[in-house]
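The values are calculated or read from the model by the stated rules, or taken from the named source; none is laboratory data. Everything quoted here is computed from the prediction, not taken from an experiment. Neighbour counts run over all protein chains shown; Cβ positions are idealised from the backbone, glycine included. Accessible surface areas use protein heavy atoms only, side chains included; no ligands, DNA or RNA. Shrake-Rupley method; radii C 1.70, N 1.55, O 1.52, S 1.80 Å.
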Amino acid sequence: MGLFKISPVQVLNKGNQQDSAEEKDAVSTIIGNYGRWQLMMTLILPLFALPSTFHIYLPTFTTKLTDFWCRRPANLSSLPVESWINYSQPIDACSVREVPQGITVESIMNNTAPMLESLKKCLEWEYDRSEVGDTIITEWSLVCDNASFTTLSEVAFLVSVGIGGVTGGWFSDKFGRKRTLMGMIAFQSILGVLCIFVKTFTQYILVRLALGLVSVSIVYAAFVLSVELVGGRWVTIAGSFNFFPLPTAYIIVSLVSIALPDWRDIQLALAIPGPCLLLLWFVIPESPRWLLSTGRIEEAKTILEKAAKINNRTVDDVDKIIKLYSTDHKKEEPSVLMLFKGYLLKRTFCLFIAWFSMNLAYYGLVLNIGKFNLENLHMTSIILAVVEIPAIVISIPILLKSGRKFPVFASMVICGLACIASELFTILLDNTWVIISCLMIGKFTISGTNVMLPIYTAELYPTVVRNLGVGATQVAAGLALICIPYLWDLTALNAHLPMSALAVLSIAGGGIILLLPDTKSAKDESSKETTNTACGGTFKTTENTS
(Lines give C-alpha, C1' and ligand atoms only; values in the text may rest on other atoms or scores of the structure.)
Protein backbone atom coordinates (compact mmCIF):
# COMPACT_ATOMS: atom_id res chain seq x y z
CA MET A 1 0.00 0.00 0.00
CA GLY A 2 1.30 3.43 -0.85
CA LEU A 3 0.78 6.97 0.36
CA PHE A 4 -0.61 9.89 -1.63
CA LYS A 5 -2.01 7.60 -4.32
CA ILE A 6 -4.69 8.82 -6.67
CA SER A 7 -6.92 6.11 -8.02
CA PRO A 8 -8.76 6.51 -11.34
CA VAL A 9 -12.04 6.86 -9.44
CA GLN A 10 -10.66 9.73 -7.38
CA VAL A 11 -8.95 11.47 -10.28
CA LEU A 12 -11.82 11.18 -12.71
CA ASN A 13 -14.87 11.58 -10.52
CA LYS A 14 -13.91 14.02 -7.78
CA GLY A 15 -13.09 17.15 -9.74
CA ASN A 16 -15.17 19.40 -7.52
CA GLN A 17 -13.49 18.18 -4.36
CA GLN A 18 -10.05 18.57 -5.90
CA ASP A 19 -10.64 22.13 -6.88
CA SER A 20 -11.24 23.17 -3.27
CA ALA A 21 -8.10 24.16 -1.43
CA GLU A 22 -6.75 22.19 1.51
CA GLU A 23 -5.27 24.13 4.41
CA LYS A 24 -1.96 22.24 4.16
CA ASP A 25 -0.32 19.21 2.68
CA ALA A 26 2.59 17.22 4.10
CA VAL A 27 5.28 19.09 2.16
CA SER A 28 4.13 22.61 2.99
CA THR A 29 3.52 21.63 6.64
CA ILE A 30 7.09 20.34 7.04
CA ILE A 31 9.14 22.87 5.04
CA GLY A 32 6.69 25.75 4.56
CA ASN A 33 5.34 27.18 1.35
CA TYR A 34 8.54 29.13 0.72
CA GLY A 35 11.90 29.60 2.34
CA ARG A 36 15.62 29.85 1.64
CA TRP A 37 15.70 26.31 0.24
CA GLN A 38 12.89 26.99 -2.24
CA LEU A 39 14.44 30.35 -3.15
CA MET A 40 17.67 28.62 -4.13
CA MET A 41 15.78 26.14 -6.31
CA THR A 42 13.66 28.91 -7.85
CA LEU A 43 16.86 30.61 -9.03
CA ILE A 44 18.61 27.42 -10.19
CA LEU A 45 15.90 25.47 -12.04
CA PRO A 46 15.13 28.16 -14.68
CA LEU A 47 18.73 27.82 -15.89
CA PHE A 48 17.76 24.54 -17.54
CA ALA A 49 15.55 26.43 -19.98
CA LEU A 50 18.54 28.28 -21.45
CA PRO A 51 20.21 25.51 -23.52
CA SER A 52 16.83 24.17 -24.59
CA THR A 53 15.74 27.60 -25.82
CA PHE A 54 19.10 28.00 -27.56
CA HIS A 55 18.43 24.92 -29.68
CA ILE A 56 14.83 25.89 -30.34
CA TYR A 57 15.70 29.45 -31.39
CA LEU A 58 18.93 28.74 -33.32
CA PRO A 59 17.19 28.25 -36.71
CA THR A 60 16.32 31.96 -36.67
CA PHE A 61 19.94 32.46 -37.72
CA THR A 62 21.17 29.06 -38.90
CA THR A 63 18.37 28.73 -41.48
CA LYS A 64 18.19 32.40 -42.42
CA LEU A 65 17.54 32.77 -46.17
CA THR A 66 19.55 35.65 -47.59
CA ASP A 67 19.85 36.94 -51.13
CA PHE A 68 21.56 34.48 -53.45
CA TRP A 69 22.62 34.29 -57.07
CA CYS A 70 24.12 31.75 -59.44
CA ARG A 71 27.83 31.36 -58.86
CA ARG A 72 30.15 33.42 -61.07
CA PRO A 73 32.64 31.51 -63.24
CA ALA A 74 36.24 31.62 -62.05
CA ASN A 75 37.27 34.06 -64.78
CA LEU A 76 34.47 36.45 -63.73
CA SER A 77 34.99 36.27 -59.95
CA SER A 78 35.98 39.94 -59.80
CA LEU A 79 32.80 41.05 -61.57
CA PRO A 80 30.49 43.04 -59.24
CA VAL A 81 27.57 40.94 -58.11
CA GLU A 82 24.92 43.34 -59.38
CA SER A 83 26.46 43.43 -62.84
CA TRP A 84 26.68 39.63 -62.92
CA ILE A 85 23.03 39.22 -61.91
CA ASN A 86 21.82 41.77 -64.48
CA TYR A 87 23.77 40.04 -67.23
CA SER A 88 23.26 36.36 -66.46
CA GLN A 89 19.98 35.90 -64.54
CA PRO A 90 17.06 37.55 -66.36
CA ILE A 91 14.40 35.40 -64.62
CA ASP A 92 15.67 34.38 -61.18
CA ALA A 93 18.68 32.83 -59.45
CA CYS A 94 17.51 29.31 -60.29
CA SER A 95 18.45 29.65 -63.97
CA VAL A 96 21.43 31.29 -65.61
CA ARG A 97 22.24 32.51 -69.11
CA GLU A 98 24.79 30.54 -71.12
CA VAL A 99 28.12 32.39 -70.93
CA PRO A 100 29.98 32.60 -74.28
CA GLN A 101 33.60 31.57 -74.54
CA GLY A 102 36.17 34.31 -74.03
CA ILE A 103 33.84 36.71 -72.23
CA THR A 104 35.60 39.13 -69.88
CA VAL A 105 34.74 41.32 -66.93
CA GLU A 106 35.42 44.43 -69.03
CA SER A 107 33.03 43.40 -71.79
CA ILE A 108 30.18 42.89 -69.32
CA MET A 109 30.93 46.14 -67.53
CA ASN A 110 30.90 48.21 -70.76
CA ASN A 111 27.84 46.34 -72.12
CA THR A 112 29.66 44.87 -75.14
CA ALA A 113 29.39 41.24 -74.05
CA PRO A 114 27.14 39.04 -76.22
CA MET A 115 23.93 37.87 -74.53
CA LEU A 116 22.77 34.40 -75.52
CA GLU A 117 19.07 33.60 -75.25
CA SER A 118 19.57 30.04 -73.99
CA LEU A 119 19.25 29.44 -70.24
CA LYS A 120 20.38 26.51 -68.13
CA LYS A 121 19.59 25.31 -64.65
CA CYS A 122 21.87 26.76 -62.00
CA LEU A 123 23.67 24.18 -59.83
CA GLU A 124 25.89 26.34 -57.60
CA TRP A 125 25.18 29.61 -55.84
CA GLU A 126 26.77 32.46 -53.95
CA TYR A 127 25.07 34.09 -50.97
CA ASP A 128 24.80 37.46 -49.29
CA ARG A 129 26.70 37.07 -46.01
CA SER A 130 26.38 40.65 -44.78
CA GLU A 131 23.84 39.71 -42.08
CA VAL A 132 24.66 36.07 -41.28
CA GLY A 133 27.54 33.80 -42.23
CA ASP A 134 27.40 30.19 -43.37
CA THR A 135 24.00 28.63 -42.72
CA ILE A 136 22.58 25.19 -43.40
CA ILE A 137 21.06 26.75 -46.53
CA THR A 138 24.44 27.83 -47.89
CA GLU A 139 26.16 24.60 -46.88
CA TRP A 140 23.66 22.24 -48.51
CA SER A 141 22.30 24.61 -51.20
CA LEU A 142 18.73 24.56 -49.91
CA VAL A 143 17.42 26.95 -52.55
CA CYS A 144 15.36 26.69 -55.73
CA ASP A 145 14.32 23.04 -56.14
CA ASN A 146 15.62 22.25 -52.63
CA ALA A 147 14.09 25.26 -50.86
CA SER A 148 11.31 23.19 -49.29
CA PHE A 149 13.85 21.14 -47.34
CA THR A 150 14.49 24.09 -45.01
CA THR A 151 10.85 24.10 -43.95
CA LEU A 152 10.92 20.30 -43.76
CA SER A 153 13.78 20.34 -41.27
CA GLU A 154 11.92 22.68 -38.92
CA VAL A 155 8.58 20.93 -39.36
CA ALA A 156 10.32 17.68 -38.38
CA PHE A 157 11.83 19.40 -35.36
CA LEU A 158 8.47 20.82 -34.28
CA VAL A 159 6.74 17.48 -34.70
CA SER A 160 9.33 15.96 -32.39
CA VAL A 161 8.66 18.80 -29.91
CA GLY A 162 5.03 17.73 -29.78
CA ILE A 163 5.96 14.08 -29.32
CA GLY A 164 8.63 14.98 -26.78
CA GLY A 165 6.11 16.85 -24.67
CA VAL A 166 4.11 13.66 -24.20
CA THR A 167 6.96 11.14 -23.90
CA GLY A 168 9.00 13.43 -21.66
CA GLY A 169 5.98 13.99 -19.46
CA TRP A 170 5.41 10.25 -19.18
CA PHE A 171 9.06 9.63 -18.24
CA SER A 172 8.93 12.43 -15.67
CA ASP A 173 5.74 11.12 -14.05
CA LYS A 174 7.00 7.54 -14.03
CA PHE A 175 10.71 7.90 -13.21
CA GLY A 176 10.80 11.25 -11.48
CA ARG A 177 11.40 14.89 -12.34
CA LYS A 178 15.10 14.95 -11.45
CA ARG A 179 16.11 11.81 -13.34
CA THR A 180 14.22 12.91 -16.42
CA LEU A 181 15.65 16.42 -16.24
CA MET A 182 19.25 15.32 -15.85
CA GLY A 183 18.99 12.43 -18.30
CA MET A 184 17.57 14.71 -20.98
CA ILE A 185 20.21 17.38 -20.32
CA ALA A 186 22.96 14.78 -20.79
CA PHE A 187 21.35 13.56 -24.01
CA GLN A 188 20.88 17.12 -25.23
CA SER A 189 24.53 17.97 -24.52
CA ILE A 190 25.69 15.03 -26.64
CA LEU A 191 23.34 15.92 -29.48
CA GLY A 192 24.32 19.59 -29.37
CA VAL A 193 27.99 18.75 -29.92
CA LEU A 194 27.17 15.98 -32.40
CA CYS A 195 25.30 18.49 -34.56
CA ILE A 196 28.50 20.29 -35.55
CA PHE A 197 29.96 17.06 -36.98
CA VAL A 198 27.11 16.17 -39.34
CA LYS A 199 28.15 15.84 -42.97
CA THR A 200 24.81 15.58 -44.74
CA PHE A 201 21.46 17.31 -44.50
CA THR A 202 19.80 13.99 -43.62
CA GLN A 203 22.10 13.62 -40.62
CA TYR A 204 21.26 17.18 -39.60
CA ILE A 205 17.52 16.45 -39.66
CA LEU A 206 17.97 13.30 -37.56
CA VAL A 207 19.92 15.21 -34.92
CA ARG A 208 17.34 17.99 -34.89
CA LEU A 209 14.58 15.43 -34.49
CA ALA A 210 16.27 14.06 -31.39
CA LEU A 211 16.94 17.56 -30.05
CA GLY A 212 13.27 18.44 -30.38
CA LEU A 213 12.31 15.39 -28.33
CA VAL A 214 14.63 16.19 -25.43
CA SER A 215 14.54 20.00 -25.39
CA VAL A 216 10.84 20.35 -24.62
CA SER A 217 11.11 17.58 -22.02
CA ILE A 218 13.79 19.54 -20.18
CA VAL A 219 11.79 22.77 -20.14
CA TYR A 220 8.67 21.19 -18.71
CA ALA A 221 10.40 18.83 -16.29
CA ALA A 222 12.19 21.85 -14.78
CA PHE A 223 8.96 23.83 -14.73
CA VAL A 224 6.94 21.12 -12.99
CA LEU A 225 9.72 20.46 -10.48
CA SER A 226 9.99 24.14 -9.58
CA VAL A 227 6.25 24.51 -8.86
CA GLU A 228 6.13 21.26 -6.87
CA LEU A 229 8.78 22.49 -4.43
CA VAL A 230 6.67 25.43 -3.26
CA GLY A 231 3.14 26.06 -2.08
CA GLY A 232 0.45 28.71 -1.90
CA ARG A 233 0.93 31.86 -3.90
CA TRP A 234 4.60 30.98 -4.39
CA VAL A 235 3.55 28.46 -7.04
CA THR A 236 2.74 31.39 -9.30
CA ILE A 237 5.99 33.20 -8.58
CA ALA A 238 8.21 30.14 -8.94
CA GLY A 239 6.43 29.12 -12.13
CA SER A 240 6.81 32.58 -13.65
CA PHE A 241 10.54 32.62 -12.97
CA ASN A 242 10.93 29.76 -15.43
CA PHE A 243 10.02 32.10 -18.28
CA PHE A 244 12.69 34.76 -17.77
CA PRO A 245 15.34 32.59 -19.48
CA LEU A 246 13.31 32.59 -22.70
CA PRO A 247 13.85 36.24 -23.72
CA THR A 248 17.32 36.04 -22.16
CA ALA A 249 18.12 33.11 -24.46
CA TYR A 250 16.80 35.01 -27.49
CA ILE A 251 19.14 37.89 -26.70
CA ILE A 252 22.13 35.57 -26.10
CA VAL A 253 21.57 33.72 -29.38
CA SER A 254 21.31 37.03 -31.23
CA LEU A 255 24.54 38.36 -29.71
CA VAL A 256 26.44 35.10 -30.27
CA SER A 257 25.27 35.12 -33.88
CA ILE A 258 26.82 38.56 -34.33
CA ALA A 259 30.16 37.39 -32.89
CA LEU A 260 30.10 33.95 -34.58
CA PRO A 261 28.19 34.23 -37.86
CA ASP A 262 28.81 30.65 -39.09
CA TRP A 263 26.18 28.11 -38.02
CA ARG A 264 28.60 25.43 -36.75
CA ASP A 265 30.40 27.97 -34.57
CA ILE A 266 27.11 29.19 -33.10
CA GLN A 267 25.99 25.61 -32.52
CA LEU A 268 29.18 24.74 -30.64
CA ALA A 269 29.20 27.91 -28.53
CA LEU A 270 25.60 27.41 -27.42
CA ALA A 271 26.08 23.69 -26.75
CA ILE A 272 28.72 24.37 -24.07
CA PRO A 273 26.42 25.50 -21.19
CA GLY A 274 24.38 22.25 -21.28
CA PRO A 275 27.05 19.90 -19.84
CA CYS A 276 27.79 22.41 -17.06
CA LEU A 277 24.24 21.96 -15.75
CA LEU A 278 24.96 18.29 -15.06
CA LEU A 279 26.98 19.41 -12.03
CA LEU A 280 23.69 20.48 -10.45
CA TRP A 281 22.79 16.81 -9.92
CA PHE A 282 24.27 17.20 -6.43
CA VAL A 283 22.18 20.30 -5.70
CA ILE A 284 18.75 19.70 -7.20
CA PRO A 285 16.39 17.39 -5.26
CA GLU A 286 13.72 15.09 -6.52
CA SER A 287 10.22 16.46 -6.05
CA PRO A 288 9.13 15.39 -2.55
CA ARG A 289 5.51 15.58 -3.65
CA TRP A 290 6.21 13.16 -6.50
CA LEU A 291 8.11 10.84 -4.13
CA LEU A 292 5.20 10.82 -1.69
CA SER A 293 2.72 10.22 -4.51
CA THR A 294 4.70 7.13 -5.55
CA GLY A 295 5.16 5.73 -2.04
CA ARG A 296 8.90 6.48 -1.71
CA ILE A 297 8.50 7.82 1.80
CA GLU A 298 12.08 7.51 3.10
CA GLU A 299 13.55 9.41 0.14
CA ALA A 300 10.97 12.14 0.60
CA LYS A 301 11.71 12.34 4.35
CA THR A 302 15.43 12.84 3.70
CA ILE A 303 14.77 15.73 1.32
CA LEU A 304 12.14 17.33 3.55
CA GLU A 305 14.29 17.15 6.68
CA LYS A 306 17.21 18.79 4.85
CA ALA A 307 14.95 21.49 3.39
CA ALA A 308 13.32 22.15 6.79
CA LYS A 309 16.75 22.61 8.33
CA ILE A 310 17.79 25.14 5.65
CA ASN A 311 14.46 26.95 6.12
CA ASN A 312 15.02 27.05 9.91
CA ARG A 313 11.85 25.09 10.55
CA THR A 314 11.62 22.71 13.50
CA VAL A 315 9.54 19.60 12.83
CA ASP A 316 8.87 17.24 15.73
CA ASP A 317 7.64 14.16 13.88
CA VAL A 318 7.92 14.00 10.10
CA ASP A 319 6.48 10.48 9.97
CA LYS A 320 3.38 11.59 11.85
CA ILE A 321 2.80 14.54 9.51
CA ILE A 322 3.22 12.37 6.40
CA LYS A 323 0.81 9.80 7.79
CA LEU A 324 -1.70 12.52 8.68
CA TYR A 325 -1.90 13.71 5.08
CA SER A 326 -1.61 10.32 3.44
CA THR A 327 -4.26 8.32 1.64
CA ASP A 328 -4.51 4.57 1.60
CA HIS A 329 -5.01 3.64 -2.01
CA LYS A 330 -3.17 1.33 -4.34
CA LYS A 331 -0.51 2.75 -6.54
CA GLU A 332 -1.76 3.87 -9.92
CA GLU A 333 0.61 4.25 -12.85
CA PRO A 334 0.20 7.47 -14.87
CA SER A 335 -1.64 6.87 -18.12
CA VAL A 336 -2.47 9.07 -21.10
CA LEU A 337 -6.01 7.66 -20.95
CA MET A 338 -6.50 9.37 -17.58
CA LEU A 339 -6.36 12.71 -19.40
CA PHE A 340 -9.42 11.82 -21.45
CA LYS A 341 -11.78 10.47 -18.79
CA GLY A 342 -14.10 12.06 -16.26
CA TYR A 343 -13.68 15.71 -15.48
CA LEU A 344 -10.15 15.70 -16.95
CA LEU A 345 -11.60 15.13 -20.44
CA LYS A 346 -13.15 18.60 -20.50
CA ARG A 347 -10.00 20.20 -19.15
CA THR A 348 -7.76 18.43 -21.67
CA PHE A 349 -10.02 19.37 -24.59
CA CYS A 350 -10.21 23.03 -23.61
CA LEU A 351 -6.48 23.26 -22.90
CA PHE A 352 -5.61 21.71 -26.26
CA ILE A 353 -7.57 24.44 -28.05
CA ALA A 354 -6.12 27.17 -25.83
CA TRP A 355 -2.54 25.98 -26.35
CA PHE A 356 -3.02 25.70 -30.11
CA SER A 357 -4.44 29.23 -30.31
CA MET A 358 -1.82 30.73 -27.99
CA ASN A 359 1.14 29.29 -29.90
CA LEU A 360 -0.33 30.23 -33.25
CA ALA A 361 -0.84 33.81 -32.08
CA TYR A 362 2.56 34.07 -30.36
CA TYR A 363 4.69 32.80 -33.24
CA GLY A 364 2.39 34.28 -35.85
CA LEU A 365 3.00 37.74 -34.43
CA VAL A 366 6.74 37.15 -34.28
CA LEU A 367 6.79 36.38 -37.99
CA ASN A 368 4.53 39.32 -38.83
CA ILE A 369 6.56 41.87 -36.87
CA GLY A 370 9.72 40.52 -38.47
CA LYS A 371 8.38 41.53 -41.88
CA PHE A 372 8.73 45.18 -40.91
CA ASN A 373 12.50 44.54 -40.78
CA LEU A 374 13.36 46.81 -37.85
CA GLU A 375 17.03 47.67 -38.45
CA ASN A 376 18.23 44.09 -39.07
CA LEU A 377 17.58 40.50 -38.05
CA HIS A 378 19.65 40.68 -34.88
CA MET A 379 18.15 43.97 -33.71
CA THR A 380 14.63 42.77 -34.47
CA SER A 381 15.27 39.60 -32.49
CA ILE A 382 16.55 41.56 -29.49
CA ILE A 383 13.63 44.02 -29.58
CA LEU A 384 11.10 41.20 -29.66
CA ALA A 385 12.87 39.53 -26.75
CA VAL A 386 12.91 42.71 -24.66
CA VAL A 387 9.14 43.09 -25.13
CA GLU A 388 8.62 39.79 -23.30
CA ILE A 389 10.47 40.78 -20.13
CA PRO A 390 7.92 43.33 -18.79
CA ALA A 391 5.13 40.97 -19.88
CA ILE A 392 6.58 38.27 -17.63
CA VAL A 393 7.08 40.71 -14.74
CA ILE A 394 3.54 42.07 -14.93
CA SER A 395 2.07 38.56 -15.22
CA ILE A 396 3.16 37.70 -11.66
CA PRO A 397 1.08 40.30 -9.74
CA ILE A 398 -1.81 39.79 -12.17
CA LEU A 399 -1.88 36.08 -11.41
CA LEU A 400 -1.60 36.71 -7.68
CA LYS A 401 -4.40 39.27 -7.55
CA SER A 402 -6.77 38.17 -10.30
CA GLY A 403 -6.56 34.39 -10.36
CA ARG A 404 -5.68 32.41 -13.46
CA LYS A 405 -8.72 32.04 -15.67
CA PHE A 406 -9.65 35.66 -16.32
CA PRO A 407 -6.09 36.96 -17.00
CA VAL A 408 -5.48 34.17 -19.55
CA PHE A 409 -8.85 34.89 -21.15
CA ALA A 410 -8.27 38.66 -21.24
CA SER A 411 -4.71 38.49 -22.60
CA MET A 412 -5.71 36.25 -25.51
CA VAL A 413 -8.76 38.35 -26.37
CA ILE A 414 -6.74 41.60 -26.25
CA CYS A 415 -4.15 39.99 -28.52
CA GLY A 416 -6.87 39.09 -31.00
CA LEU A 417 -8.33 42.60 -30.90
CA ALA A 418 -4.87 44.11 -31.41
CA CYS A 419 -4.41 41.93 -34.51
CA ILE A 420 -7.78 43.08 -35.85
CA ALA A 421 -6.83 46.71 -35.15
CA SER A 422 -3.55 46.29 -37.03
CA GLU A 423 -5.42 45.09 -40.11
CA LEU A 424 -7.96 47.91 -39.90
CA PHE A 425 -5.22 50.51 -39.61
CA THR A 426 -3.44 48.87 -42.54
CA ILE A 427 -6.54 49.52 -44.65
CA LEU A 428 -7.54 52.93 -43.28
CA LEU A 429 -4.34 54.74 -42.26
CA ASP A 430 -1.42 52.95 -43.89
CA ASN A 431 0.78 54.28 -41.08
CA THR A 432 3.58 51.82 -40.40
CA TRP A 433 4.27 52.86 -36.82
CA VAL A 434 0.62 52.78 -35.79
CA ILE A 435 0.43 49.25 -37.19
CA ILE A 436 3.63 48.27 -35.39
CA SER A 437 2.23 49.67 -32.13
CA CYS A 438 -0.85 47.47 -32.46
CA LEU A 439 1.28 44.43 -33.17
CA MET A 440 3.53 45.17 -30.22
CA ILE A 441 0.47 45.33 -27.95
CA GLY A 442 -0.57 41.95 -29.32
CA LYS A 443 2.93 40.56 -28.80
CA PHE A 444 3.05 41.93 -25.26
CA THR A 445 -0.29 40.42 -24.23
CA ILE A 446 0.29 37.03 -25.85
CA SER A 447 3.71 36.91 -24.15
CA GLY A 448 1.83 37.24 -20.88
CA THR A 449 -0.38 34.33 -21.92
CA ASN A 450 2.76 32.34 -22.62
CA VAL A 451 3.65 32.75 -18.94
CA MET A 452 0.23 32.27 -17.40
CA LEU A 453 -1.14 29.36 -19.44
CA PRO A 454 1.54 26.81 -18.42
CA ILE A 455 1.04 27.69 -14.74
CA TYR A 456 -2.72 27.40 -15.12
CA THR A 457 -2.31 24.11 -16.99
CA ALA A 458 -0.08 22.62 -14.29
CA GLU A 459 -2.61 23.57 -11.63
CA LEU A 460 -5.49 21.93 -13.48
CA TYR A 461 -3.87 18.47 -13.42
CA PRO A 462 -3.23 16.35 -10.28
CA THR A 463 0.32 15.26 -9.37
CA VAL A 464 0.09 11.74 -10.73
CA VAL A 465 -0.51 12.97 -14.28
CA ARG A 466 0.60 16.60 -14.02
CA ASN A 467 3.76 16.37 -16.09
CA LEU A 468 2.00 14.07 -18.52
CA GLY A 469 -0.86 16.56 -18.83
CA VAL A 470 1.46 19.55 -19.29
CA GLY A 471 3.48 17.57 -21.82
CA ALA A 472 0.39 16.46 -23.73
CA THR A 473 -0.59 20.07 -24.37
CA GLN A 474 2.61 20.36 -26.39
CA VAL A 475 1.01 18.22 -29.07
CA ALA A 476 -1.42 21.07 -29.69
CA ALA A 477 1.44 23.57 -29.42
CA GLY A 478 3.47 21.58 -31.94
CA LEU A 479 0.56 21.46 -34.37
CA ALA A 480 0.24 25.23 -34.13
CA LEU A 481 3.93 25.73 -34.85
CA ILE A 482 3.74 23.43 -37.86
CA CYS A 483 0.84 25.50 -39.21
CA ILE A 484 2.70 28.82 -38.94
CA PRO A 485 4.67 28.58 -42.25
CA TYR A 486 1.51 27.60 -44.09
CA LEU A 487 -0.64 30.25 -42.38
CA TRP A 488 1.10 32.98 -44.35
CA ASP A 489 0.38 31.15 -47.61
CA LEU A 490 -3.20 32.39 -47.13
CA THR A 491 -2.03 35.76 -48.47
CA ALA A 492 -2.46 34.20 -51.91
CA LEU A 493 -6.23 34.35 -51.26
CA ASN A 494 -6.35 37.65 -49.38
CA ALA A 495 -3.61 39.81 -47.90
CA HIS A 496 -5.52 40.22 -44.62
CA LEU A 497 -6.57 36.59 -44.21
CA PRO A 498 -3.59 35.32 -42.14
CA MET A 499 -3.89 38.02 -39.48
CA SER A 500 -7.67 37.74 -39.45
CA ALA A 501 -7.45 33.99 -38.90
CA LEU A 502 -4.86 34.53 -36.18
CA ALA A 503 -7.11 37.08 -34.44
CA VAL A 504 -10.18 34.85 -34.56
CA LEU A 505 -8.25 31.87 -33.19
CA SER A 506 -6.72 33.94 -30.39
CA ILE A 507 -10.14 35.22 -29.29
CA ALA A 508 -11.64 31.72 -29.58
CA GLY A 509 -8.78 30.27 -27.53
CA GLY A 510 -9.38 32.85 -24.82
CA GLY A 511 -13.10 32.25 -24.86
CA ILE A 512 -12.80 28.52 -24.25
CA ILE A 513 -10.80 29.24 -21.10
CA LEU A 514 -14.05 30.47 -19.53
CA LEU A 515 -15.27 26.86 -19.51
CA LEU A 516 -12.51 25.88 -17.09
CA PRO A 517 -12.46 26.35 -13.29
CA ASP A 518 -10.19 28.92 -11.70
CA THR A 519 -7.49 27.21 -9.62
CA LYS A 520 -6.71 30.20 -7.44
CA SER A 521 -7.95 29.73 -3.89
CA ALA A 522 -9.83 32.56 -2.29
CA LYS A 523 -7.64 32.04 0.76
CA ASP A 524 -4.63 32.77 -1.41
CA GLU A 525 -5.45 36.45 -1.09
CA SER A 526 -5.38 36.45 2.70
CA SER A 527 -2.29 36.89 4.79
CA LYS A 528 -2.27 33.19 5.62
CA GLU A 529 -0.28 31.04 3.23
CA THR A 530 -2.27 28.18 1.86
CA THR A 531 -1.64 25.46 -0.64
CA ASN A 532 -3.93 25.08 -3.61
CA THR A 533 -4.75 21.43 -4.01
CA ALA A 534 -4.09 21.41 -7.70
CA CYS A 535 -0.68 22.91 -7.15
CA GLY A 536 0.33 21.00 -4.14
CA GLY A 537 -0.59 17.81 -5.81
CA THR A 538 -1.73 15.86 -2.76
CA PHE A 539 -5.35 14.95 -2.51
CA LYS A 540 -6.60 13.91 0.87
CA THR A 541 -9.70 11.81 0.54
CA THR A 542 -11.80 9.59 2.72
CA GLU A 543 -13.48 7.56 0.01
CA ASN A 544 -12.32 3.96 -0.33
CA THR A 545 -12.12 2.32 -3.73
CA SER A 546 -11.61 -1.26 -4.56
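General remarks:
- Percent of Cα pairs in the chain per distance bin of 10 Å, from zero to the largest separation: 4, 17, 26, 23, 15, 8, 4, 2, 1, 0.
- Additional length obtainable on full extension of the chain from Ala495 to Glu139, 0.36 nm per residue less Cα span: 124.8 nm
- Per residue, the accessible area of the stretch 227-272 comes to 31 Å² when a 1.4 Å probe rolls over the protein heavy atoms.
- Highest average packing first - 441-448, 295-302, Cβ atoms within 10 Å: 441-448, 295-302
- Overall size of the stretch 174-232 from C-alpha positions, given as principal axis extents largest first: 51, 19, 15 Å.
- The apolar share of the surface of the stretch 68-132, taken as the fraction of accessible area on carbon and sulfur atoms (1.4 Å probe, ligands and nucleic acids excluded), comes to 52 percent.
- Compared with the alpha-carbon gap, the fully stretched path from Ile394 to Ala259 is longer by 45.4 nm at 0.36 nm per residue.
- Crossing angle, helix 343-370 versus the chain [Cα axis fit, 0-90 degrees, rounded to tens]: 30
- Whole-Å distance, taken between Cα centres, linking the stretch 58-73 and the stretch 101-122: 25
- R0 of 35 Å, Cβ-Cβ distance Arg36-Lys174: FRET efficiency to nearest 0.05: 0.70
- Each peptide in 207-215, 186-194, 224-232 gets a packing score, the mean of other Cβ atoms within 10 Å over its residues, and the list from highest to lowest is 224-232, 207-215, 186-194.
- About the Cα centre, charge dipole magnitude for the chain (Lys/Arg +1, Asp/Glu -1 at Cβ), debye: 1820
- Each Cα pair under 8 Å and six or more residues apart adds its separation to the average, and for the chain the resulting relative contact order is 27 percent.
- Most to least packed among 398-410, 144-156 [average Cβ atoms within 10 Å]: 398-410, 144-156
- Average accessible surface area per residue within the stretch 16-159, 1.4 Å rolling probe, Å²: 47
- Computed from the C-beta positions of Ser402 and Leu515, the FRET efficiency with R₀ = 25 Å rounds to 0.85.
- Cα centroid separation, the stretch 181-244 to the stretch 419-483 (Å): 21
- Global form of the stretch 185-270, assessed from the alpha-carbon gyration tensor, a/c cut-off 1.5: oblate
- Helix-only CD estimate at 222 nm, as mean residue ellipticity for the chain, using -39500 (n - 2.57) per DSSP H run (n ≥ 4): -20000 deg cm²/dmol
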